[in-house]
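To start, the structure under review is shown below, and the notes come after it.
The values are calculated or read from the model by the stated rules, or taken from the named source; none is laboratory data. What you are looking at is a predicted structure, and each value in this text was computed from that prediction instead of being measured. Quick reminder, even Gly has a Cβ in these numbers, built from the backbone with ideal geometry, and neighbours come from all protein chains shown.
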Amino acid sequence: MKKPFTFLLLMTVHYAANSQSFYTKVSAGYAFPLAAEMIGYNYTGIFMEEIDPVNGNVVVGSIQKEESLEGSFSTGFSASAAVGYRFTDIVGLEINGSYFLGSEYKSSQLFQYILDDELTREYRTTYARSVRGFTVSPALRTDIPAGDGRLKPFLTVGPSVGWFTGTYEYNDISNIGGELSSQKAKEKYSGGVALGIRSSLGIELKVNETISFFAEMAVSAMRYHPKEKEITKYEVDNEDRLSTLTEGQRKTSLVNKVESDSRTEDYVGEEIGPSFGMNNIAAMGGIKISF
């Protein structure tokens, strides 16, 4: 009775020992927007004024065009690296780190005022927004046995933690009666931690006991709520004016409730903070090395 039991125990230990292994993998790809949201809008407004020659009244007409700009701030090039441990041939634990370069979204607003077919004043503003950063995602991995084992589908799912930095730039140019003036500024958003979820579905091609190639579709869902905003660039008529701003004007705490006192020169101001959608679906491909 003892021999079959001992044999079974040895076989179980042998199988477990051979099933458990460490691995690492690297991949790169492109992330597409998922559940895109409105990021900004493009607007053009032309306001035409004419003086009625009969009564001298000003007749106003306008042509206006507005177009929304939608997307996700985690869209763009993505690279990731992961380490994992297989408990069995089917179940394992994987820790993935991903970097998102983030696409830049540009928008503009244009206001033109025309009197008797002559441009009297124009106001043009361009905006640029982007977010970049990285995430760490521990996940449970499940391999799906198929055929001779060389081609193996897999699934991962788990929470995700992200650290990001956002930038917001605008450039105002006005033309009033031929006199040009401009104002440029750049803001940096930082601080805070984003929480979300990441899952992937892929397929792995085993070359030998050490090397495998894989392709996967990874879905990430999270929102980033920065805690701080700082003006890092401020120009008026192409002249650097950043040094003219006080610390309270340059730095702003982003909160859910505003309480500020502008009478204190060095007081760091507060304002309601924005949130950035970081939802994407990424097509990734890479190599896996088992130990």
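Of everything in the stretch 274-291 that is touching a Pro at 6+ places or on another chain (Cβ under 9 Å) and not in a loop (DSSP other than H, G, I, E, B), the residue that is surrounded by the fewest Cβ atoms within 10 Å (Cβ to Cβ) is ILE281. Just one of the numbered conditions (1) within 22 Å of GLY177 (Cα to Cα); (2) touching a Lys or Arg at 6+ places or on another chain (Cβ under 9 Å) is not true of ASN57: (2).
Restricting attention to the stretch 199-233, and to residues there that are acidic (Asp, Glu) and within 22 Å of the chain's Cα centre (by Cα), which single residue is farthest from ILE272 (Cα to Cα)? For the stretch 199-233, the residue satisfying everything is GLU216. Hey, can you tell me all the residues within the stretch 91-110 that are over 17 Å from GLN64 (Cα atoms) and either β-branched (Val, Ile, Thr) or buried (at least 16 other Cβ atoms within 10 Å of the Cβ) (or both)? VAL91, GLY92, GLU94, ILE95, ASN96, SER98, PHE100, LEU101, GLY102, SER103, TYR105, listed by residue number. Scanning the stretch 219-253 for residues that are in a strand (DSSP E or B) and among the small types (Gly, Ala, Ser), we see that the one that is modelled with the lowest pLDDT is SER253.
If you go through the stretch 78-90 and keep only what is modelled with pLDDT under 95 and surrounded by fewer than 17 Cβ atoms within 10 Å (Cβ to Cβ), you end up with PHE87, THR88, ASP89, ILE90. Within the stretch 111-142, the residues that satisfy the criterion of being among the hydrophobic types (A, V, I, L, M, F, W, C), buried (at least 16 other Cβ atoms within 10 Å of the Cβ) and touching a Gly at 6+ places or on another chain (Cβ under 8 Å) are PHE111, VAL131, ALA139. If you go through the stretch 151-184 and keep only what is surrounded by fewer than 18 Cβ atoms within 10 Å (Cβ to Cβ) and among the small types (Gly, Ala, Ser), you end up with GLY158, SER174, GLY177, GLY178, SER181, SER182.
Of the residues ALA128, ALA82, ALA146, the single one that is assigned to a loop (DSSP other than H, G, I, E, B) and of a type in the set (A, V, I, L, M) is ALA146.
Output the number of the condition that PHE111 fails; it satisfies all remaining conditions of (1) touching a Lys or Arg at 6+ places or on another chain (Cβ under 9 Å); (2) modelled with pLDDT of 95 or more; (3) within 22 Å of TYR234 (Cβ to Cβ). The one condition PHE111 does not meet is (3). Being loosely packed, with under 13 Cβ neighbours inside 10 Å, of a type in the set (Lys, Arg) and over 30 Å from GLU216 (Cβ atoms) is true of LYS65.
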